[in-house]
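Scroll down for the structure; my scribbles are underneath it.
Each reported figure results from applying straightforward, stated rules to the coordinates on display, with no laboratory input. Please read these numbers as outputs of a predicted model, since none were measured by experiment. Note: ideal-geometry Cβ built from the backbone for every residue, glycine included; neighbour counts use all protein chains shown.
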Amino acid sequence: MLPSDQDRSGSNLASAAVEYAGRRDMHHREEARQAGRYTRLARNRNIFLVLIVLVAWLGEKERLLPLLLVAPALLFTTAMFMRNRAARAWRRARHAVGFYEWRLTCVEERWAGRGKSGLRFLNENHPYAPDLDLFGPGCLFELLCTAKTPMGEQTLADWLLSPASIDEVHQRQLAVLELCPRLDLREELNHLATEIPAGNALETLAEWGRGEPVLASARLHVLAILLMAFAVAAFAAWTLGASPLPFLGVLLLEGLFTFWLRGRVRRLLEPLEQASMVLASFAALLQRLEMETWTSPCLRRLQGTLQTGKSPSSRRMRQLARLADSVPLAFLLLWTVPLGLAVEAWRRAWGPDLRRWLRVLGEWEALGALAGHAYENPEDQFPEVVPEGPCFEATGLGHPLLPRIRCVRNDVRLGGELRVLVVSGSNMSGKSTLLRTVGLNAVLALCGAPVRAHRLRISSLSVGATLRIQDSLQAGRSRFYAEISRLRQLLDLAKSVPPLLFLLDEILQGTNSEERHLGAKAVVRALLGHGAMGLVTTHDLAITEIADILKPAAANVHFEDQFENGALTFDYQMRPGIARSRNALALMRSIGIEV
């Protein structure tokens, strides 16, 4: 059964808010409890440390038995162990409070400007990213993103920027549906991902894993083993009463051996030492993902990717974490070469898999972000993605970034004979918002997420838009030149597969009306000739003649306004036909400009 056929009406928005608030409050209480417990254990640890010093002093002064130190030492060790556990529990509760606080801001529609904007992913030359508010404060990425790692953020951004194939969309929909109710899992993964320090340490580690071997010589292995064996034998002989000179001689040889290879060893071990703080957290995160049982093909594939031979990836990462923790001690004991050989053996066997494991983590975080959005918006439906196209048929289509109370829904149908809607209307009547509504829902649909619609039937599409075309003083480009450059880009895009969904706002407004009319007609006709479909908005009523010229492939629709008693109002409902009202002069007069 496709996700679009499944009933999601059993949950509601209020239940998500209640669940989030309840969990936030519970974890907030746990945070306070663990903070108090941590403080008490830290105080007790200090008391036991003072007691150890006191007993040691009395034992020396009064010739008391050293056995008296055992009890306070055990108490000190226990307090340290329990304090560390309390610190971990405190940190986990704090992460959970932050997680649910953020999700509550999304449910309560207070999220704009408070999350991750994703501006680093914005490419001004992308055919629709700048036009559809994908990145930046108050944009789609900020609403969706719960990823804590750079890989998760990158994967989510890539999905928004590149529509997936029909099969991939279906698989992501099933995965999102399976993840949607798994709130405990999403909370725990958020905690484990938050434990990974911010930065690109994991990306650097993945590059390190693909590096060329620096200690791969068989002779080096043999020499290192012989030196270690001689060192152990010489040390054993020394402890049995022999001369220390052989042991010191072996140490000298080991020092020379280490000095000879110091450059290669440093290149191998330094990146590992820098990534040591993230390895244990990454291993714990992988282990948590390996523990689950899934039914959806996408999640089962991702989980299978974490299996390396007969060993799970988490076990391999824990091995690497132990090697990284040994680096400081190895430098101290002149054992860097044997350690380097062990690290090189690990890198040769598993290093190339690091990139694959990171990619899996990124996909898991991206799917978790879509699942959270689905959980919080149960009225949004998964679209039906069909192979026949081009097709975009929506009922009750709304803008996914607008507050629900302000979101006016419209029906938009494109496909079959009808390929173009020419949208007319006055200023601020809703034309541009309609284009963004269609575009954003197409992006959501083709990345595997639910859409803000009662129903959406969509085929595989590429998207192109001209809503935010600007001039550039630095590039020496006028707005008109920038727009026709984008139109050239869309015409080239329309020639490829899949078909193009074009969203042209106030087409060719930078030239005179006669050339505008001729140019707009030529552009739309060319796009249709390449199999594209879409919407064109205009203030110029002459442009609406395109619909009559291109019938039945094109039709006119419009938005209306009412200007009464100096106030301009809109209902944002799309109607068939051409707009007849004009409000520009009335708007000018309303702000004191005499016309």
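Can you compute the modelled spin-label distance between D167 and D411, with each label point 7 Å from Cα toward Cβ, in nm?
Modelled inter-label distance: 3.5 nm.
Per residue of region 542-553, what does 6.51 cos²θ - 1.76 cosθ + 1.60 with θ = phi - 60° give for ³J(HN,Hα)? Whole Hz please, x for Gly and Pro, Karplus curve as stated.
Whole-Hz 3J(HN,Hα) from phi for region 542-553: 5, 5, 5, 5, 4, 4, 5, 5, 9, 3, x, 6.
Could you check how many percent of all C-alpha pairs in region 431-577 are farther apart than 18 Å? It would help to have the intermediate numbers written out before the result.
Working: 6739 of 10731 pairs.
Tail of P(r) above 18 Å: 63 percent of Cα pairs.
For D492 and A236, calculate 0.36 nm times their separation in residues minus their Cα-Cα distance, and state this gained length in nm to one decimal.
Working: separation 256, 0.36 × 256 = 92.16 nm, distance 7.72 nm.
Value of the extension gain: 84.4 nm.
Starting with the highest mean, order 159-168, 404-413 by the number of other Cβ atoms within 10 Å, averaged over the residues of each peptide.
159-168, 404-413
So, R0 is 51 Å and r is the distance between the beta-carbons of D325 and M428; what FRET efficiency does that work out to, to 0.05?
Values: r = 62 Å, r/R0 = 1.21.
Between D325 and M428 the formula returns 0.25.
For the pair Y481/S243, report the inter-label distance in nm, with labels modelled 7 Å from Cα in the Cβ direction.
8.7 nm
Using Cα positions and a limit of under 23 Å, work out the lysines in reach of K148, with same-chain residues fewer than 8 apart set aside.
K116
List, in order, the whole-Hz ³J(HN,Hα) value for each residue of region 431-439 obtained from phi through the Karplus relation with A = 6.51, B = -1.76, C = 1.60 and θ = phi - 60°; use x for Gly and Pro.
So the J values, rounded to whole Hz, are 5, 5, 4, 4, 4, 5, 4, 5, x.
Once you have the Cα-Cα distance between A567 and A112, take 0.36 nm times their residue separation minus that, and quote the gain in nm to one decimal.
Values: separation 455, 0.36 × 455 = 163.80 nm, distance 2.86 nm.
Working it through step by step, the gained length comes to 160.9 nm.
Can you list residues from other chains, or at least 5 along the same chain, whose modelled amide H is less than 5 Å from the amide H of T308?
S313
Take each of the peptides 139-145, 29-35, average the number of other beta-carbon atoms within 10 Å over its residues, and list them starting from the highest. If you can, show how the numbers build up before the last one.
On the way: 139-145: 23.4, 29-35: 15.9.
Listed from highest to lowest mean packing, they are 139-145, 29-35.
Charges on Cβ only, +1 for Lys and Arg, -1 for Asp and Glu, centred on the Cα centroid of region 343-477; of L435, G362, L397, which one is farthest towards the dipole's positive end?
Among L435, G362, L397, the one farthest towards the positive end of the dipole of region 343-477 is L435.
So how much slack lies between T39 and F81, counting 0.36 nm per residue of separation and subtracting their Cα-Cα distance, in nm?
Values: separation 42, 0.36 × 42 = 15.12 nm, distance 1.35 nm.
Stretched fully, the T39-F81 segment lengthens by 13.8 nm.
How far apart, in nanometres, would the label points at E290 and V50 be if each is projected 7 angstrom from Cα along the Cα-to-Cβ direction?
Modelled inter-label distance: 4.6 nm.
Across 10 Å bins from the origin, how do the percents of Cα pairs in region 153-200 run, short distances first?
Histogramming region 153-200 at 10 Å steps yields 21, 38, 35, 6 percent.
Whole number please: convex hull volume per residue, Cα atoms of region 523-571, in Å³.
So the per-residue Cα hull volume is 94 Å³.
Rank by packing, highest mean first: peptides 485-496, 418-429, with packing defined as the count of other Cβ atoms within 10 Å averaged across residues. Please list the in-between numbers first.
Numbers: 485-496: 16.5, 418-429: 21.5.
The peptides rank, most packed first, as 418-429, 485-496.
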